[in-house]
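The values are calculated or read from the model by the stated rules, or taken from the named source; none is laboratory data. Given the structure is predicted, the values throughout are model-derived calculations rather than measurements. We place every Cβ from the backbone using ideal geometry, glycine too, and count neighbours over all the protein chains shown. These accessible areas exclude ligands, DNA and RNA; they are computed on the full protein's heavy atoms, side chains included. Shrake-Rupley method; radii C 1.70, N 1.55, O 1.52, S 1.80 Å.
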Number of protein chains: 2
Amino acid sequence: MGTRERRLRELAEREQLFLDAAREQISGQGLLTLQMAKVARSCDYATGTLYQHFSSKEDLLLAICADQAEKRVATMARAAHWEAPSRDRMFALMVADMLFAERHPDHYRLTQYVFTEAVWGSASQRRRDAVIEAHRPIGDLVSQIVTDGIDAGDVDSRGRHPLEMALGQYAMTIGMHHMVHAEGVLEKENVPDPYRLLLSHGAAHLNGLNWQPLQDPFDDVALDALVTRICSTLFDDFRPAEAERAAQPEAQPIEGAPQ
Amino acid sequence: MGTRERRLRELAEREQLFLDAAREQISGQGLLTLQMAKVARSCDYATGTLYQHFSSKEDLLLAICADQAEKRVATMARAAHWEAPSRDRMFALMVADMLFAERHPDHYRLTQYVFTEAVWGSASQRRRDAVIEAHRPIGDLVSQIVTDGIDAGDVDSRGRHPLEMALGQYAMTIGMHHMVHAEGVLEKENVPDPYRLLLSHGAAHLNGLNWQPLQDPFDDVALDALVTRICSTLFDDFRPAEAERAAQPEAQPIEGAPQ
DNA sequence: CTCATAAAGTGAACCGTATTCATAATTCAC
DNA sequence: GTGAATTATGAATACGGTTCACTTTATGAG
(Lines give C-alpha, C1' and ligand atoms only; values in the text may rest on other atoms or scores of the structure.)
Protein backbone atom coordinates (compact mmCIF):
# COMPACT_ATOMS: atom_id res chain seq x y z
CA MET A 1 0.00 0.00 0.00
CA GLY A 2 1.03 3.59 -0.57
CA THR A 3 0.47 4.76 2.97
CA ARG A 4 4.08 4.45 3.94
CA GLU A 5 5.21 6.33 0.84
CA ARG A 6 2.70 9.08 1.43
CA ARG A 7 3.88 9.40 5.03
CA LEU A 8 7.47 9.70 3.97
CA ARG A 9 6.55 12.25 1.35
CA GLU A 10 4.61 14.31 3.87
CA LEU A 11 7.55 14.12 6.21
CA ALA A 12 9.88 15.43 3.55
CA GLU A 13 7.42 18.14 2.60
CA ARG A 14 7.11 19.32 6.17
CA GLU A 15 10.86 19.27 6.56
CA GLN A 16 11.16 21.51 3.52
CA LEU A 17 8.46 23.74 4.95
CA PHE A 18 10.51 24.20 8.10
CA LEU A 19 13.70 24.74 6.13
CA ASP A 20 12.12 27.46 4.02
CA ALA A 21 10.58 29.17 7.03
CA ALA A 22 13.87 29.10 8.90
CA ARG A 23 15.76 30.44 5.91
CA GLU A 24 13.28 33.25 5.60
CA GLN A 25 13.70 34.14 9.23
CA ILE A 26 17.47 34.11 8.87
CA SER A 27 17.40 36.31 5.83
CA GLY A 28 15.30 38.81 7.74
CA GLN A 29 17.17 38.91 11.02
CA GLY A 30 20.44 37.06 10.77
CA LEU A 31 21.71 33.73 11.98
CA LEU A 32 22.00 34.37 15.66
CA THR A 33 18.48 35.59 16.22
CA LEU A 34 16.85 32.55 14.64
CA GLN A 35 14.23 31.32 17.11
CA MET A 36 13.04 27.77 17.00
CA ALA A 37 9.62 28.65 18.41
CA LYS A 38 9.10 31.31 15.75
CA VAL A 39 10.05 28.93 12.96
CA ALA A 40 7.55 26.38 14.22
CA ARG A 41 4.84 28.99 14.79
CA SER A 42 5.26 30.48 11.34
CA CYS A 43 4.41 27.04 9.92
CA ASP A 44 1.47 26.62 12.32
CA TYR A 45 3.18 23.83 14.19
CA ALA A 46 4.23 23.58 17.81
CA THR A 47 7.84 23.69 18.91
CA GLY A 48 7.94 20.01 19.67
CA THR A 49 7.04 19.08 16.11
CA LEU A 50 10.00 21.00 14.80
CA TYR A 51 12.19 19.01 17.16
CA GLN A 52 10.96 15.77 15.66
CA HIS A 53 12.63 16.77 12.43
CA PHE A 54 15.72 18.50 13.74
CA SER A 55 17.43 17.40 16.91
CA SER A 56 18.67 20.89 17.70
CA LYS A 57 18.94 24.39 16.39
CA GLU A 58 22.37 23.59 15.04
CA ASP A 59 20.97 20.53 13.31
CA LEU A 60 18.49 22.79 11.58
CA LEU A 61 21.22 25.17 10.48
CA LEU A 62 23.23 22.34 8.99
CA ALA A 63 20.15 21.06 7.20
CA ILE A 64 19.55 24.49 5.67
CA CYS A 65 23.16 24.58 4.61
CA ALA A 66 23.02 21.18 2.94
CA ASP A 67 19.70 22.01 1.30
CA GLN A 68 20.93 25.27 -0.18
CA ALA A 69 24.22 23.70 -1.22
CA GLU A 70 22.31 21.54 -3.67
CA LYS A 71 20.92 24.61 -5.38
CA ARG A 72 24.32 26.22 -5.41
CA VAL A 73 25.86 23.13 -6.94
CA ALA A 74 23.13 23.00 -9.57
CA THR A 75 23.94 26.56 -10.57
CA MET A 76 27.63 25.81 -10.83
CA ALA A 77 27.03 22.58 -12.70
CA ARG A 78 25.21 24.44 -15.44
CA ALA A 79 28.30 26.54 -15.94
CA ALA A 80 30.69 23.61 -15.74
CA HIS A 81 28.80 21.67 -18.39
CA TRP A 82 28.73 24.58 -20.79
CA GLU A 83 29.80 23.80 -24.34
CA ALA A 84 32.90 25.96 -24.39
CA PRO A 85 36.68 25.83 -23.97
CA SER A 86 37.71 24.68 -20.52
CA ARG A 87 39.10 28.08 -19.61
CA ASP A 88 35.76 29.71 -20.31
CA ARG A 89 33.95 26.97 -18.42
CA MET A 90 36.12 27.66 -15.40
CA PHE A 91 35.37 31.33 -15.69
CA ALA A 92 31.68 30.64 -16.06
CA LEU A 93 31.84 28.56 -12.91
CA MET A 94 33.25 31.51 -11.03
CA VAL A 95 30.61 33.81 -12.44
CA ALA A 96 27.91 31.34 -11.49
CA ASP A 97 29.10 31.10 -7.93
CA MET A 98 29.40 34.85 -7.77
CA LEU A 99 25.84 35.31 -8.93
CA PHE A 100 24.66 32.72 -6.46
CA ALA A 101 26.50 34.33 -3.56
CA GLU A 102 25.11 37.71 -4.53
CA ARG A 103 21.61 36.33 -4.61
CA HIS A 104 21.96 34.28 -1.46
CA PRO A 105 24.35 36.08 0.88
CA ASP A 106 22.71 34.29 3.79
CA HIS A 107 23.72 30.94 2.42
CA TYR A 108 27.27 32.10 2.06
CA ARG A 109 27.38 33.27 5.68
CA LEU A 110 25.68 30.16 6.94
CA THR A 111 28.24 28.01 5.19
CA GLN A 112 31.05 29.99 6.75
CA TYR A 113 29.47 29.52 10.13
CA VAL A 114 28.79 25.85 9.70
CA PHE A 115 32.26 25.13 8.41
CA THR A 116 34.05 26.86 11.23
CA GLU A 117 32.40 26.38 14.56
CA ALA A 118 28.99 24.81 14.40
CA VAL A 119 30.43 21.55 13.15
CA TRP A 120 31.69 20.66 16.62
CA GLY A 121 28.34 21.00 18.29
CA SER A 122 25.37 18.77 18.83
CA ALA A 123 24.31 18.10 15.26
CA SER A 124 24.08 14.45 14.29
CA GLN A 125 26.91 12.89 12.33
CA ARG A 126 24.39 12.17 9.60
CA ARG A 127 23.75 15.89 9.15
CA ARG A 128 27.42 16.73 9.17
CA ASP A 129 28.14 14.17 6.48
CA ALA A 130 25.22 15.54 4.51
CA VAL A 131 26.79 19.00 4.48
CA ILE A 132 30.14 17.64 3.34
CA GLU A 133 28.50 15.48 0.71
CA ALA A 134 26.39 18.34 -0.58
CA HIS A 135 29.52 20.37 -1.24
CA ARG A 136 31.63 17.60 -2.71
CA PRO A 137 30.34 18.05 -6.29
CA ILE A 138 31.89 21.52 -6.38
CA GLY A 139 35.35 20.05 -6.12
CA ASP A 140 34.43 17.41 -8.66
CA LEU A 141 33.19 20.01 -11.14
CA VAL A 142 36.36 22.05 -10.88
CA SER A 143 38.51 18.95 -11.14
CA GLN A 144 36.60 17.80 -14.18
CA ILE A 145 37.13 21.08 -15.97
CA VAL A 146 40.84 20.98 -15.25
CA THR A 147 41.09 17.37 -16.38
CA ASP A 148 39.14 18.11 -19.56
CA GLY A 149 41.45 21.03 -20.21
CA ILE A 150 44.51 18.87 -19.83
CA ASP A 151 43.02 16.22 -22.12
CA ALA A 152 42.20 18.84 -24.75
CA GLY A 153 45.63 20.40 -24.46
CA ASP A 154 44.17 23.66 -23.22
CA VAL A 155 45.78 23.52 -19.82
CA ASP A 156 49.40 23.38 -18.85
CA SER A 157 49.38 21.49 -15.61
CA ARG A 158 53.11 22.12 -15.10
CA GLY A 159 53.47 18.83 -13.34
CA ARG A 160 50.95 19.64 -10.68
CA HIS A 161 48.13 17.35 -9.77
CA PRO A 162 44.82 18.48 -11.28
CA LEU A 163 43.25 18.43 -7.85
CA GLU A 164 45.82 20.85 -6.56
CA MET A 165 45.14 23.22 -9.41
CA ALA A 166 41.43 22.91 -8.96
CA LEU A 167 41.60 23.60 -5.26
CA GLY A 168 43.91 26.54 -5.78
CA GLN A 169 41.60 27.97 -8.36
CA TYR A 170 38.59 27.54 -6.16
CA ALA A 171 40.35 28.89 -3.10
CA MET A 172 40.68 32.21 -4.79
CA THR A 173 36.96 32.34 -5.45
CA ILE A 174 36.16 31.50 -1.85
CA GLY A 175 38.61 34.08 -0.60
CA MET A 176 37.00 36.70 -2.79
CA HIS A 177 33.57 35.83 -1.49
CA HIS A 178 34.88 36.19 2.01
CA MET A 179 36.37 39.59 1.33
CA VAL A 180 33.22 40.76 -0.39
CA HIS A 181 31.01 39.64 2.46
CA ALA A 182 33.27 40.77 5.27
CA GLU A 183 31.12 43.76 6.02
CA GLY A 184 32.95 47.01 6.13
CA VAL A 185 36.33 45.81 4.97
CA LEU A 186 36.13 46.51 1.28
CA GLU A 187 33.80 49.45 1.82
CA LYS A 188 36.47 51.12 3.88
CA GLU A 189 38.92 50.60 1.02
CA ASN A 190 36.54 52.39 -1.33
CA VAL A 191 36.25 49.47 -3.68
CA PRO A 192 33.16 50.34 -5.68
CA ASP A 193 32.35 46.88 -6.97
CA PRO A 194 34.03 43.99 -5.22
CA TYR A 195 32.62 41.41 -7.57
CA ARG A 196 34.07 43.31 -10.47
CA LEU A 197 37.37 42.69 -8.74
CA LEU A 198 36.65 39.01 -8.42
CA LEU A 199 35.90 38.68 -12.10
CA SER A 200 38.83 40.72 -13.22
CA HIS A 201 41.37 39.01 -11.06
CA GLY A 202 39.87 35.61 -11.69
CA ALA A 203 40.25 36.18 -15.38
CA ALA A 204 43.82 37.33 -14.89
CA HIS A 205 44.48 34.21 -12.93
CA LEU A 206 43.18 32.09 -15.76
CA ASN A 207 45.06 34.15 -18.31
CA GLY A 208 48.42 33.86 -16.68
CA LEU A 209 48.64 30.73 -14.67
CA ASN A 210 47.48 27.59 -16.31
CA TRP A 211 45.41 28.08 -19.35
CA GLN A 212 46.82 27.74 -22.82
CA PRO A 213 46.98 29.05 -25.43
CA LEU A 214 47.43 32.61 -24.25
CA GLN A 215 46.99 34.11 -27.71
CA ASP A 216 43.44 34.99 -26.86
CA PRO A 217 43.65 36.32 -23.30
CA PHE A 218 40.77 37.94 -21.53
CA ASP A 219 40.92 41.65 -21.82
CA ASP A 220 38.38 44.06 -20.38
CA VAL A 221 36.22 44.01 -23.50
CA ALA A 222 36.32 40.25 -23.92
CA LEU A 223 35.64 39.89 -20.21
CA ASP A 224 32.49 41.96 -20.26
CA ALA A 225 31.24 40.25 -23.39
CA LEU A 226 31.85 36.88 -21.81
CA VAL A 227 30.10 37.76 -18.58
CA THR A 228 27.11 39.03 -20.51
CA ARG A 229 27.06 35.90 -22.62
CA ILE A 230 27.30 33.65 -19.59
CA CYS A 231 24.50 35.46 -17.81
CA SER A 232 22.18 35.45 -20.79
CA THR A 233 22.98 31.98 -22.08
CA LEU A 234 23.34 30.00 -18.91
CA PHE A 235 21.51 31.97 -16.29
CA ASP A 236 18.64 33.71 -17.96
CA ASP A 237 16.68 33.32 -14.77
CA PHE A 238 18.96 35.86 -13.20
CA ARG A 239 17.34 39.21 -13.49
CA PRO A 240 18.80 41.73 -15.92
CA ALA A 241 19.80 44.12 -13.15
CA GLU A 242 22.13 41.59 -11.66
CA ALA A 243 23.63 40.53 -14.96
CA GLU A 244 24.05 44.16 -15.80
CA ARG A 245 25.74 44.88 -12.54
CA ALA A 246 28.08 41.94 -12.98
CA ALA A 247 28.95 42.95 -16.51
CA GLN A 248 29.04 46.67 -15.82
CA PRO A 249 30.88 47.91 -18.92
CA GLU A 250 32.59 51.11 -17.84
CA ALA A 251 35.80 50.53 -15.94
CA GLN A 252 35.32 51.32 -12.27
CA PRO A 253 38.05 53.57 -10.92
CA ILE A 254 39.51 52.33 -7.67
CA GLU A 255 40.09 55.22 -5.40
CA GLY A 256 41.74 55.72 -2.09
CA ALA A 257 44.45 53.13 -2.64
CA PRO A 258 46.89 52.97 0.26
CA GLN A 259 50.04 54.98 -0.31
CA MET B 1 48.39 64.39 38.84
CA GLY B 2 48.85 60.88 37.54
CA THR B 3 45.75 59.43 39.11
CA ARG B 4 43.81 59.56 35.88
CA GLU B 5 46.62 57.90 33.97
CA ARG B 6 46.95 55.16 36.56
CA ARG B 7 43.21 54.54 36.41
CA LEU B 8 43.30 54.23 32.67
CA ARG B 9 46.28 51.92 32.84
CA GLU B 10 44.56 49.69 35.38
CA LEU B 11 41.49 49.67 33.20
CA ALA B 12 43.50 48.55 30.19
CA GLU B 13 45.30 45.93 32.25
CA ARG B 14 42.07 44.47 33.51
CA GLU B 15 40.63 44.50 30.03
CA GLN B 16 43.64 42.51 28.83
CA LEU B 17 43.18 40.16 31.76
CA PHE B 18 39.62 39.45 30.66
CA LEU B 19 40.66 39.09 27.03
CA ASP B 20 43.31 36.53 27.87
CA ALA B 21 40.99 34.57 30.12
CA ALA B 22 38.27 34.54 27.49
CA ARG B 23 40.69 33.45 24.80
CA GLU B 24 41.89 30.64 27.00
CA GLN B 25 38.36 29.46 27.56
CA ILE B 26 37.63 29.59 23.85
CA SER B 27 40.71 27.63 22.95
CA GLY B 28 39.64 24.95 25.42
CA GLN B 29 35.99 24.65 24.54
CA GLY B 30 35.19 26.51 21.38
CA LEU B 31 33.44 29.76 20.60
CA LEU B 32 29.89 28.87 21.35
CA THR B 33 30.42 27.59 24.86
CA LEU B 34 32.15 30.72 26.11
CA GLN B 35 30.47 31.72 29.37
CA MET B 36 30.65 35.28 30.60
CA ALA B 37 30.33 34.24 34.25
CA LYS B 38 33.22 31.80 33.93
CA VAL B 39 35.44 34.39 32.32
CA ALA B 40 34.76 36.82 35.14
CA ARG B 41 35.15 34.18 37.86
CA SER B 42 38.44 32.94 36.43
CA CYS B 43 39.77 36.47 36.92
CA ASP B 44 38.31 36.71 40.43
CA TYR B 45 35.83 39.36 39.38
CA ALA B 46 32.07 39.35 39.43
CA THR B 47 30.00 39.15 36.26
CA GLY B 48 28.97 42.77 36.45
CA THR B 49 32.56 43.96 36.35
CA LEU B 50 33.12 42.15 33.10
CA TYR B 51 30.11 43.97 31.69
CA GLN B 52 31.66 47.31 32.54
CA HIS B 53 34.38 46.55 30.04
CA PHE B 54 32.37 44.74 27.39
CA SER B 55 28.81 45.64 26.68
CA SER B 56 27.92 42.11 25.61
CA LYS B 57 29.36 38.71 24.87
CA GLU B 58 29.64 39.66 21.26
CA ASP B 59 31.47 42.83 22.22
CA LEU B 60 33.98 40.65 24.04
CA LEU B 61 34.41 38.41 21.02
CA LEU B 62 35.09 41.39 18.79
CA ALA B 63 37.59 42.72 21.29
CA ILE B 64 39.44 39.40 21.29
CA CYS B 65 39.44 39.45 17.52
CA ALA B 66 40.87 42.96 17.33
CA ASP B 67 43.43 42.17 20.00
CA GLN B 68 44.69 39.06 18.26
CA ALA B 69 44.64 40.74 14.89
CA GLU B 70 47.42 43.01 16.09
CA LYS B 71 49.63 40.02 16.76
CA ARG B 72 48.76 38.53 13.39
CA VAL B 73 49.58 41.78 11.66
CA ALA B 74 52.88 41.99 13.51
CA THR B 75 53.79 38.54 12.22
CA MET B 76 52.92 39.44 8.67
CA ALA B 77 54.68 42.78 8.90
CA ARG B 78 57.94 41.07 9.73
CA ALA B 79 57.63 39.10 6.50
CA ALA B 80 56.58 42.11 4.46
CA HIS B 81 59.56 44.15 5.60
CA TRP B 82 62.01 41.43 4.76
CA GLU B 83 65.03 42.54 2.75
CA ALA B 84 64.30 40.52 -0.34
CA PRO B 85 62.78 40.76 -3.82
CA SER B 86 59.13 41.67 -3.72
CA ARG B 87 58.06 38.29 -5.00
CA ASP B 88 59.78 36.58 -2.11
CA ARG B 89 58.36 39.09 0.34
CA MET B 90 54.88 38.30 -0.90
CA PHE B 91 55.57 34.62 -0.50
CA ALA B 92 56.98 35.19 2.97
CA LEU B 93 53.80 37.03 3.86
CA MET B 94 51.75 34.00 2.87
CA VAL B 95 54.02 31.71 4.85
CA ALA B 96 53.78 33.99 7.85
CA ASP B 97 50.01 34.01 7.79
CA MET B 98 49.96 30.27 7.34
CA LEU B 99 52.18 29.76 10.36
CA PHE B 100 50.03 32.12 12.38
CA ALA B 101 46.81 30.38 11.40
CA GLU B 102 48.33 27.03 12.21
CA ARG B 103 49.37 28.27 15.62
CA HIS B 104 46.16 30.12 16.35
CA PRO B 105 43.32 28.25 14.69
CA ASP B 106 40.94 29.80 17.22
CA HIS B 107 41.77 33.25 16.04
CA TYR B 108 41.15 32.24 12.47
CA ARG B 109 37.74 30.82 13.35
CA LEU B 110 36.85 33.78 15.49
CA THR B 111 37.67 36.13 12.64
CA GLN B 112 35.48 34.12 10.31
CA TYR B 113 32.68 34.32 12.81
CA VAL B 114 33.08 37.99 13.52
CA PHE B 115 33.28 38.91 9.87
CA THR B 116 30.15 37.07 8.87
CA GLU B 117 27.44 37.29 11.46
CA ALA B 118 28.52 38.76 14.74
CA VAL B 119 29.08 42.15 13.18
CA TRP B 120 25.36 42.81 13.03
CA GLY B 121 24.71 42.23 16.67
CA SER B 122 24.90 44.30 19.80
CA ALA B 123 28.57 45.20 19.79
CA SER B 124 29.32 48.89 19.90
CA GLN B 125 30.25 50.69 16.72
CA ARG B 126 33.55 51.51 18.38
CA ARG B 127 34.40 47.83 18.65
CA ARG B 128 33.36 47.11 15.11
CA ASP B 129 35.58 49.86 13.81
CA ALA B 130 38.39 48.54 15.96
CA VAL B 131 38.17 45.16 14.29
CA ILE B 132 38.22 46.69 10.84
CA GLU B 133 41.07 48.98 11.78
CA ALA B 134 43.08 46.14 13.26
CA HIS B 135 42.92 44.28 9.96
CA ARG B 136 43.56 47.22 7.70
CA PRO B 137 47.38 46.96 7.86
CA ILE B 138 47.20 43.58 6.14
CA GLY B 139 45.85 45.18 3.01
CA ASP B 140 48.40 47.95 3.34
CA LEU B 141 51.26 45.50 3.62
CA VAL B 142 50.21 43.58 0.54
CA SER B 143 49.64 46.78 -1.39
CA GLN B 144 53.04 48.06 -0.37
CA ILE B 145 54.78 44.93 -1.62
CA VAL B 146 53.00 45.16 -4.94
CA THR B 147 53.80 48.85 -5.26
CA ASP B 148 57.45 48.24 -4.39
CA GLY B 149 57.55 45.48 -6.96
CA ILE B 150 56.15 47.74 -9.65
CA ASP B 151 58.63 50.47 -8.72
CA ALA B 152 61.51 48.04 -8.88
CA GLY B 153 60.32 46.61 -12.16
CA ASP B 154 59.74 43.19 -10.61
CA VAL B 155 56.01 43.20 -11.14
CA ASP B 156 54.03 43.42 -14.31
CA SER B 157 50.85 45.10 -13.25
CA ARG B 158 49.32 44.62 -16.71
CA GLY B 159 47.36 47.80 -16.27
CA ARG B 160 45.57 46.67 -13.17
CA HIS B 161 45.43 48.74 -10.05
CA PRO B 162 47.91 47.59 -7.39
CA LEU B 163 45.10 47.30 -4.88
CA GLU B 164 43.25 44.92 -7.13
CA MET B 165 46.30 42.73 -7.50
CA ALA B 166 46.97 42.83 -3.79
CA LEU B 167 43.42 41.89 -2.91
CA GLY B 168 43.41 39.10 -5.47
CA GLN B 169 46.63 37.75 -4.10
CA TYR B 170 45.39 37.87 -0.57
CA ALA B 171 42.02 36.40 -1.45
CA MET B 172 43.74 33.22 -2.49
CA THR B 173 45.46 32.97 0.87
CA ILE B 174 42.21 33.51 2.74
CA GLY B 175 40.44 30.97 0.60
CA MET B 176 43.13 28.42 1.30
CA HIS B 177 42.86 29.02 5.03
CA HIS B 178 39.15 28.49 4.78
CA MET B 179 39.53 25.23 2.92
CA VAL B 180 42.15 24.02 5.35
CA HIS B 181 40.01 24.84 8.36
CA ALA B 182 36.74 23.60 6.93
CA GLU B 183 36.79 20.43 8.95
CA GLY B 184 36.32 17.28 6.97
CA VAL B 185 36.37 18.74 3.50
CA LEU B 186 39.98 18.30 2.57
CA GLU B 187 40.27 15.16 4.68
CA LYS B 188 37.62 13.56 2.54
CA GLU B 189 39.64 14.45 -0.53
CA ASN B 190 42.67 12.70 0.92
CA VAL B 191 44.83 15.77 0.79
CA PRO B 192 47.71 14.86 3.06
CA ASP B 193 48.97 18.36 3.80
CA PRO B 194 46.65 21.23 2.93
CA TYR B 195 49.21 23.87 3.79
CA ARG B 196 51.62 22.25 1.42
CA LEU B 197 48.97 22.92 -1.18
CA LEU B 198 48.69 26.53 -0.14
CA LEU B 199 52.41 27.07 -0.47
CA SER B 200 52.70 25.25 -3.73
CA HIS B 201 49.81 26.96 -5.40
CA GLY B 202 50.69 30.30 -3.92
CA ALA B 203 54.13 29.99 -5.42
CA ALA B 204 52.67 28.99 -8.76
CA HIS B 205 50.44 32.01 -8.59
CA LEU B 206 53.42 34.27 -8.05
CA ASN B 207 55.39 32.47 -10.75
CA GLY B 208 52.86 32.78 -13.44
CA LEU B 209 50.67 35.75 -12.85
CA ASN B 210 52.36 38.97 -11.97
CA TRP B 211 55.91 38.62 -10.91
CA GLN B 212 58.80 39.26 -13.28
CA PRO B 213 61.34 38.15 -14.25
CA LEU B 214 60.23 34.58 -14.58
CA GLN B 215 63.73 33.30 -15.28
CA ASP B 216 64.00 32.18 -11.70
CA PRO B 217 60.65 30.61 -10.98
CA PHE B 218 59.88 28.74 -7.81
CA ASP B 219 60.32 25.04 -8.28
CA ASP B 220 59.89 22.44 -5.58
CA VAL B 221 63.48 22.64 -4.45
CA ALA B 222 63.62 26.44 -4.42
CA LEU B 223 60.27 26.47 -2.65
CA ASP B 224 61.41 24.26 0.21
CA ALA B 225 64.63 26.16 0.59
CA LEU B 226 62.75 29.43 0.70
CA VAL B 227 60.25 28.24 3.26
CA THR B 228 63.03 26.97 5.46
CA ARG B 229 64.87 30.24 5.11
CA ILE B 230 61.80 32.27 5.91
CA CYS B 231 61.03 30.22 8.98
CA SER B 232 64.55 30.34 10.33
CA THR B 233 65.35 33.93 9.41
CA LEU B 234 62.11 35.69 10.12
CA PHE B 235 60.27 33.44 12.51
CA ASP B 236 62.83 31.69 14.67
CA ASP B 237 60.33 31.76 17.49
CA PHE B 238 58.30 29.24 15.59
CA ARG B 239 59.23 25.84 16.82
CA PRO B 240 61.24 23.55 14.53
CA ALA B 241 58.43 21.03 14.23
CA GLU B 242 56.19 23.58 12.59
CA ALA B 243 58.86 24.94 10.28
CA GLU B 244 59.73 21.37 9.38
CA ARG B 245 56.12 20.52 8.69
CA ALA B 246 55.70 23.59 6.53
CA ALA B 247 58.88 22.86 4.61
CA GLN B 248 58.43 19.12 4.44
CA PRO B 249 60.95 18.22 1.72
CA GLU B 250 59.59 15.08 0.10
CA ALA B 251 56.82 15.70 -2.39
CA GLN B 252 53.48 14.60 -0.98
CA PRO B 253 51.55 12.44 -3.41
CA ILE B 254 47.94 13.45 -3.71
CA GLU B 255 45.77 10.40 -3.86
CA GLY B 256 42.14 9.77 -4.49
CA ALA B 257 41.67 12.49 -7.04
CA PRO B 258 38.15 12.59 -8.45
CA GLN B 259 37.73 10.74 -11.71
C1' DC C 1 -18.42 1.06 12.37
C1' DT C 2 -15.44 0.16 16.50
C1' DC C 3 -11.59 -0.19 18.78
C1' DA C 4 -6.70 -1.04 19.90
C1' DT C 5 -2.52 0.60 18.67
C1' DA C 6 0.75 3.48 16.88
C1' DA C 7 2.20 7.78 15.22
C1' DA C 8 2.20 12.65 15.28
C1' DG C 9 1.40 16.94 17.55
C1' DT C 10 1.29 19.87 21.59
C1' DG C 11 2.92 23.62 24.64
C1' DA C 12 3.78 24.34 29.46
C1' DA C 13 7.61 23.55 32.26
C1' DC C 14 12.53 23.16 32.74
C1' DC C 15 17.06 24.82 32.49
C1' DG C 16 21.19 27.23 31.38
C1' DT C 17 23.12 31.47 30.53
C1' DA C 18 23.37 36.39 29.00
C1' DT C 19 22.25 40.64 30.95
C1' DT C 20 20.62 44.04 34.40
C1' DC C 21 20.44 46.82 38.42
C1' DA C 22 19.85 48.05 43.23
C1' DT C 23 23.12 48.00 46.65
C1' DA C 24 27.69 47.97 48.85
C1' DA C 25 32.46 49.01 48.82
C1' DT C 26 36.07 51.86 47.52
C1' DT C 27 38.49 55.87 45.92
C1' DC C 28 39.28 60.69 45.44
C1' DA C 29 39.44 65.73 45.97
C1' DC C 30 39.22 68.97 49.21
C1' DG D 1 37.52 63.31 57.76
C1' DT D 2 33.83 63.70 54.56
C1' DG D 3 30.75 63.56 50.90
C1' DA D 4 30.59 62.83 45.96
C1' DA D 5 31.94 59.91 42.39
C1' DT D 6 33.46 55.80 40.81
C1' DT D 7 33.74 50.86 40.80
C1' DA D 8 32.39 46.15 42.22
C1' DT D 9 28.95 42.94 43.37
C1' DG D 10 25.91 38.91 42.56
C1' DA D 11 21.07 37.98 43.16
C1' DA D 12 17.25 38.64 40.21
C1' DT D 13 15.44 38.86 35.57
C1' DA D 14 14.72 37.70 30.80
C1' DC D 15 15.14 35.00 27.15
C1' DG D 16 15.19 31.18 24.26
C1' DG D 17 16.61 26.20 23.46
C1' DT D 18 15.08 21.77 24.79
C1' DT D 19 12.18 18.19 26.98
C1' DC D 20 8.34 15.28 27.96
C1' DA D 21 3.91 13.88 29.80
C1' DC D 22 -0.10 14.26 27.63
C1' DT D 23 -3.66 14.93 23.71
C1' DT D 24 -5.09 14.30 19.19
C1' DT D 25 -5.14 11.99 14.94
C1' DA D 26 -4.44 8.21 11.71
C1' DT D 27 -4.39 3.37 10.72
C1' DG D 28 -6.18 -1.05 9.68
C1' DA D 29 -7.95 -5.44 11.55
C1' DG D 30 -12.17 -7.49 12.89
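Taking both sides together, what accessible area is buried at the B/A interface, probe 1.4 Å, expressed in Å² and rounded to the nearest 100?
Numbers: alone 13800 and 13780 Å², together 22320 Å².
For chain B against chain A, roughly 5300 Å² becomes buried.
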Note the distances from B:Ala12 to each other copy's matching label point, with points 7 Å along the Cα-to-beta-carbon direction, in nm, sorted shortest first. 6.2
Can you list, shortest first in nanometers, how far A:Asp151 lies from the same residue in the other copies, with each label 7 Å from Cα toward Cβ? 5.0
Taking the rotation axis that maps chain B onto chain A, which residue of B brings its Cβ closest to that axis, and at what distance in whole Å? B:Gly175, 2
In whole angstrom, the spacing between the Cα centers of the stretch B:60-94 and the stretch B:7-23 equals 24 Å
Sticking with the crude label model, points 7 Å out along Cα→Cβ, report the distance from A:Cys43 to B:Ala152 in nm, one decimal please. 5.9 nm
Amide H partners (placed H, <5 Å) of B:Val155, local residues excluded: B:Ile150, B:Gln212
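What FRET efficiency do you get for A:Glu70 and B:Glu10 if R0 is 41 Å and r is their Cβ-Cβ distance, rounded to the nearest 0.05? Mind dumping the intermediate values first?
Details: r = 55 Å, r/R0 = 1.34.
The computed FRET efficiency comes out at 0.15.
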Label geometry 7 Å along the beta-carbon vector: A:Gly48 inter-copy distances in nm: 4.1
